[in-house]
1. Can you name every residue in the stretch 82-97 that is outside any loop (DSSP other than H, G, I, E, B), out of contact with any helix residue (DSSP H, G or I) (no Cβ under 9 Å at 6 or more places or on another chain) and surrounded by fewer than 16 Cβ atoms within 10 Å (Cβ to Cβ)?
2. Would you say residue 111 is farther than 25 Å from residue 28 by Cα and within 15 Å of the ligand (Cβ to nearest atom)?
3. Being out of contact with any strand residue (DSSP E or B) (no Cβ under 6 Å at 6 or more places or on another chain), assigned to a loop (DSSP other than H, G, I, E, B) and near the ligand (Cβ under 9 Å from one of its atoms) is the filter here, so list the residues in the stretch 43-57 that pass it.
4. Given (1) surrounded by fewer than 16 Cβ atoms within 10 Å (Cβ to Cβ); (2) modelled with pLDDT under 95, where does residue 43 come up short, assuming only one miss?
5. Name, by its number, the condition in (1) within 14 Å of the ligand (Cβ to nearest atom); (2) outside any helix (DSSP H, G or I); (3) more than 14 Å from the chain's Cα centre (by Cα) that does not hold for residue 117.
6. Inspect all residues belonging to the stretch 89-97 and state whether any of them is near the ligand (Cβ under 9 Å from one of its atoms) and in the same structural domain as residue 153 (by TED's automatic domain parsing).
7. For residue 32, indicate whether it is in contact (Cβ under 8 Å) with a residue 40 or more places away in the chain and in a loop (DSSP other than H, G, I, E, B).
8. Which one of these is more than 8 Å from the ligand (Cβ to nearest atom), touching a residue at least 60 places away in the same chain (Cβ under 8 Å) and assigned to a strand (DSSP E or B): 40, 60, 22?
Ligand SMILES: N[C@@H](CCC(=O)N[C@@H](CS)C(=O)NCC(=O)O)C(=O)O
């Protein structure tokens, strides 16, 4: 069966895309991803071909099209009965929802002054009082969630859930902008950047060149990655994972010019290729530090079960 398709923006830039992507990867859901290069001339047209809001992420599941990052998280959580997507206990659940809503609606100063640029060399930048206040608020939220409800795991409410997915890009920002942290917030940031799905995202982001030239003509299959918690958190997605592990036929690739994801013969630009090598595509002169740092830290992780492959397609720029 053809899996769901998640349309996302460039991984080096699209923090909203990362949120549902990381939740789906955490739980080993099978899906195709289509990466739309952001910040090029025809970005808007490409996104509009798939998204009613002109924004990514968008999830397509059969006839359904779901937009808005948190709605996508909710949809997959409900459809696949993901365990602990929200905490079970009402007070914890309410707080998880509240802090997710705060993230979705707020922290504008932080988002403006510390933009999500996954390729940036980690280091501090000058910050306004408003951004300092955003950071203080986030630190308070993380600390309280961990203190009150985080006892059975390393995530905000113990197990990895939608609230974590919403804050993953914030933790990456803290890492990339060298935001001074200590205590539970620092531990939490480390948990985020060491998460195998986050490493995979950052690694892919590091392969993107400014303007997207390197990846525009490339279809790539993201390698399966270890997911240490998969065994500990059985989800009602076993069939999906097992099915996704089997070799699949040539994927139906969405054309930027069409609204459909099915029965579109792959063009030369979208046929599967082995992972890019330096000879096959230009690569940045030096690997960006964040991905390298995260990859190095990751080597300490004792890995567990394998996740299924996510098929990845880069929409070309006309
Ligand atoms: N509230 C939306 C925000 C989505 C959003 O702003 N996405 C950005 C990319 S991170 C986008 O699509 N921008 C359009 C563009 O760059 O042309 C959500 O949560 O999904």
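The values are calculated or read from the model by the stated rules, or taken from the named source; none is laboratory data. The shown structure was predicted, so the numbers you read here are calculated from the model rather than taken from an experiment. For neighbour counting, all protein chains shown are included, and Cβ atoms are generated from backbone atoms with ideal geometry for every residue, glycine included.
1. 90, 94
2. In short, yes.
3. Across the stretch 43-57, the qualifying residues are 54, 55.
4. Unmet condition: (1).
5. Against the list (1) within 14 Å of the ligand (Cβ to nearest atom); (2) outside any helix (DSSP H, G or I); (3) more than 14 Å from the chain's Cα centre (by Cα), residue 117 comes up short only on (3).
6. Looking through the stretch 89-97, none of the residues is near the ligand (Cβ under 9 Å from one of its atoms) and in the same structural domain as residue 153 (by TED's automatic domain parsing).
7. Taking the combined requirement at face value, the residue does not satisfy it.
8. None of the other options fit; the residue is 60.
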